[in-house]
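Encoded as structure tokens, the structure appears first; notes follow it.
The values are calculated or read from the model by the stated rules, or taken from the named source; none is laboratory data. Just so it is clear, the structure is predicted and the values come from calculations on it, not from any experiment. Positions of Cβ are generated from backbone atoms using ideal geometry, with glycine treated the same way; all protein chains shown enter the neighbour counts. What goes into the accessible areas is simple: the full protein's heavy atoms, side chains included, and nothing from ligands, DNA or RNA. Shrake-Rupley method; radii C 1.70, N 1.55, O 1.52, S 1.80 Å.
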Amino acid sequence: MALWDRLKESASTMQTQLIVKKNDLKSGAFRDSSMAMCALVAAADGTVDPSERQRVAQLIATNEVLQNFPADDLRRRFEENLDKLTADFDFGKVSVMQEIAKAKKKPAEARAVVQIGIVIGGADGDFDKDEQAVVREACYALDLPPHEFDL
């Protein structure tokens, strides 16, 4: 199976797993962590182009799991994290990783945050090395083994 096909299948599987856990993913920690993850993946290569912002906006608007939260609130949190990363990526990344780590107390939430990162990373059809690297780092921040997610 081609890498792209495996990525699409993996993202689809993870989305299905997220929907199953939807009722367990209502905490503020999950909300904050997932928006920090979206920003980190969007800025992984050091720049954020309009299509990446659009992908996240679309995810916020259409993802069943994220509909547990007001879309405007999610978008604001995403933009705040993105602003930190675009102002100074290395310094902003420290703050964003702290946001991501908020979900580590609940393993189901922590896994869901990683899955959202993979869904966002693969949304453009190319889960590139930079995106994989930041999701892998997030796994460590969440005390999860990256190999569990094929990272």
- At what distance in nm do the modelled label points of Thr86 and Lys105 sit from each other, each positioned 7 Å from its Cα along Cα→Cβ? 3.2 nm
- Ignoring everything but the protein chains, give the 1.4 Å probe accessible area of Thr47 in square angstrom, nearest 10. 80 Å²
- Distant alpha-carbon pairs in the range 68-151 (separation over 23 angstrom), percent: 20 percent
- Compute the whole-percent fraction of alpha carbon pairs in the range 35-74 spaced more than 10 Å apart. 69 percent
- Message: Would you calculate the convex hull of the Cα atoms in the range 49-92 and tell me its volume per residue in Å³?
- Response: 71 Å³
